[in-house]
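Got a structure here, written out as structure tokens. Questions coming.
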Amino acid sequence: EIPVYDNAGPRITDISPSKYYAYDGTLGETPVFAEYFDFSGVKLADCRLWVDGKEVTSDAKWTELRMDYVPAKPFKIGDHKLAIRLFDNLGNRTEKVIPFSVSDMTDLNVYCGEVHSHTSDSDGTGFPENAMEFAKNVGKVDYFAVTDHSQFIPEDVYADQIRVADSYDEPGKFATIYGWEMTWNNSCGYWGHVNVLNSRCIVNNINENDLPDIYRWLEFHPESVAMFNHPGYLWGNFDEYAHKTTAADKIVCLSEIKGASYDREYAHMLSCGWHAAPVSNEDNHLATWTMETPVTGCVISPSLTRQNII
């Protein structure tokens, strides 16, 4: 038998706000939460929560796996700080301090980056680590996503891509986003290609899921942001932008523009009732991520974090 020693506190698996996240104060209050786990169990009686130096432990709702806090009054415009301390039943402790802010959206910044690129996990070059490293240190963009063709990506590979994105995410300096490209082709119909960002789930069977199926899937994953990739007759223009639903229209909010030849398709999309912003990406399959062309996409945001970019 091999003895196992537990000398680490509860693991925080998800928390909001994230470091340096800027709430949009014009949209009202956003609850604060944390999700956590420990094999020995979490000793809730010893756990603590502070906001701006004031303890609010008793105002939060605590369970074995999650804490939720809704302030009595909305956060004021400006900088804030959240601190959480967790204990397991063996006495191990975890602490996290998160500075964040609330914006009135009068002070916004322009951040540049790309959300459509490939690696050798599908039909590109290099590995996701290479792409993230290159985009951050050579391309020097503010945000970046690897979005490989999903039919080549089993769930375990996608989980690893998310892990890589998480490891390179540096709030305030470099925002990484994860995602995949739904790539219908001549084996299943030229629906077009759809990028899906910010979902921890992946759809990789292109033969059993058509375009209306993906729109329905997106309705059950409202955390996602989707994009019409390089629309046109060569790769597909989404059945002439048919099958729009109210829910899908909110999530498919980007349409890729790769030059003047895409202007007609963008006008066509708008005329069919979709509300999607134009955005530029390289769709790079080479080891020159973000550097192949001088054109880039831009996001106007109060802060440089993954959540703010999304």
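Would you be able to say whether some residue in the stretch 128-144 is open to solvent by 10 Å² or more (accessible area, probe 1.4 Å), of a type in the set (S, T, N, Q) and part of a loop (DSSP other than H, G, I, E, B)?
No, because not a single residue in the stretch 128-144 is open to solvent by 10 Å² or more (accessible area, probe 1.4 Å), of a type in the set (S, T, N, Q) and part of a loop (DSSP other than H, G, I, E, B).
Can you tell me which condition ALA165 does not meet? The list is (1) open to solvent by 30 Å² or more (accessible area, probe 1.4 Å); (2) of a type in the set (Gly, Ala, Ser); (3) modelled with pLDDT of 95 or more, and all the others hold.
The failed condition is (1).
Return the residues of the stretch 269-279 that are open to solvent by less than 40 Å² (accessible area, probe 1.4 Å) and without any contact (Cβ under 8 Å) to a residue 60 or more places away in the chain; say none if nothing qualifies.
First pass over the stretch 269-279, keeping only residues open to solvent by less than 40 Å² (accessible area, probe 1.4 Å): 269, 273-274, 276, 279.
Correct list: MET269, GLY273, TRP274, ALA276.
Further question on the same structure: I'd like to know if the stretch 123-143 contains one or more residues that are modelled with pLDDT of 95 or more and in contact with an Asp or Glu (Cβ under 6 Å, 6 or more places away or on another chain).
no
Is there a residue in the stretch 237-248 that is touching a Pro at 6+ places or on another chain (Cβ under 6 Å) and either of a type in the set (Phe, Trp, Tyr) or surrounded by fewer than 19 Cβ atoms within 10 Å (Cβ to Cβ) (or both)? Write out each step before concluding.
Filtering the stretch 237-248 down to residues touching a Pro at 6+ places or on another chain (Cβ under 6 Å) leaves 237, 243.
Then keep just the ones that are either of a type in the set (Phe, Trp, Tyr) or surrounded by fewer than 19 Cβ atoms within 10 Å (Cβ to Cβ) (or both); that gives 243.
Looking for residues that are touching a Pro at 6+ places or on another chain (Cβ under 6 Å) and either of a type in the set (Phe, Trp, Tyr) or surrounded by fewer than 19 Cβ atoms within 10 Å (Cβ to Cβ) (or both), one finds at least one in the stretch 237-248, hence yes.
Identify all residues within the stretch 168-191 that are aromatic (Phe, Trp, Tyr), buried (at least 20 other Cβ atoms within 10 Å of the Cβ) and in a loop (DSSP other than H, G, I, E, B); write none if there are none. Explain how you work it out, then say what you get.
Step one: list which residues in the stretch 168-191 are aromatic (Phe, Trp, Tyr), which gives 168, 174, 178, 180, 184, 190-191.
Among the residues that remain, those that are also buried (at least 20 other Cβ atoms within 10 Å of the Cβ) are: 174, 178, 180, 184, 191.
Answer for the stretch 168-191, where residues must be aromatic (Phe, Trp, Tyr), buried (at least 20 other Cβ atoms within 10 Å of the Cβ) and in a loop (DSSP other than H, G, I, E, B): TRP184, TRP191.
Name every residue in the stretch 12-38 that is part of a loop (DSSP other than H, G, I, E, B) and small (Gly, Ala, Ser), in order of residue number.
In the first step, residues of the stretch 12-38 are kept if they are part of a loop (DSSP other than H, G, I, E, B); the result is 17-21, 28-31, 38.
Residues satisfying the conditions are SER18, GLY28.
Select from the stretch 21-53 the residues that are over 21 Å from the mean Cα position of the chain (by Cα), more than 13 Å from ARG11 (Cβ to Cβ) and of a type in the set (Phe, Trp, Tyr) and list them in ascending order.
TRP50, the sole residue that qualifies.
Being of a type in the set (A, V, I, L, M), open to solvent by less than 60 Å² (accessible area, probe 1.4 Å), touching a residue at least 60 places away in the same chain (Cβ under 8 Å) and more than 30 Å from CYS298 (Cα to Cα) narrows it down to one residue among LEU82, LEU86; which is it?
Working: LEU82 fails: more than 30 Å from CYS298 (Cα to Cα).
That would be LEU86, the only listed residue that is of a type in the set (A, V, I, L, M), open to solvent by less than 60 Å² (accessible area, probe 1.4 Å), touching a residue at least 60 places away in the same chain (Cβ under 8 Å) and more than 30 Å from CYS298 (Cα to Cα).
Any residue in the stretch 51-73 that's open to solvent by less than 90 Å² (accessible area, probe 1.4 Å): show its pairings with residues that are of a type in the set (Val, Ile, Thr) at Cβ separation under 6 Å, as long as the two are six or more apart or on different chains.
As it stands, the answer is TYR69/VAL32, since those pairs meet every condition given.
Same structure again: Can you tell me which residue is surrounded by the most Cβ atoms within 10 Å (Cβ to Cβ) among those in the stretch 192-211 that are more than 12 Å from VAL225 (Cα to Cα) and in contact with a Ser or Thr (Cβ under 8 Å, 6 or more places away or on another chain)?
It comes out as HIS193.
State whether the residues of the stretch 257-268 include one that is under 13 Å from HIS116 (Cα atoms) and among the charged types (D, E, K, R).
Initially, the stretch 257-268 is screened for residues under 13 Å from HIS116 (Cα atoms), giving 257-258.
Subsequent filtering for residues that are among the charged types (D, E, K, R) retains 258.
So far as the stretch 257-268 goes, yes, one or more of its residues are under 13 Å from HIS116 (Cα atoms) and among the charged types (D, E, K, R).
Could you list all residues from the stretch 94-126 that are more than 30 Å from ASP283 (Cα to Cα), charged (D, E, K, R) and surrounded by 14 or more Cβ atoms within 10 Å (Cβ to Cβ)?
From the stretch 94-126, those more than 30 Å from ASP283 (Cα to Cα) are 94-107; that's our starting set.
With the extra rule that they be charged (D, E, K, R), the set shrinks to 95-96, 104, 107.
LYS96 - this is the single residue of the stretch 94-126 that is more than 30 Å from ASP283 (Cα to Cα), charged (D, E, K, R) and surrounded by 14 or more Cβ atoms within 10 Å (Cβ to Cβ).
The values are calculated or read from the model by the stated rules, or taken from the named source; none is laboratory data. Computed from a prediction, not measured in an experiment: that's the story for all the values here. Glycine also receives a Cβ, built like all others from the backbone with ideal geometry; neighbour counts cover every protein chain displayed. For the accessible areas, the whole protein counts, side chains as well, though only heavy atoms, and no ligand, DNA or RNA atoms are used. Shrake-Rupley method; radii C 1.70, N 1.55, O 1.52, S 1.80 Å.
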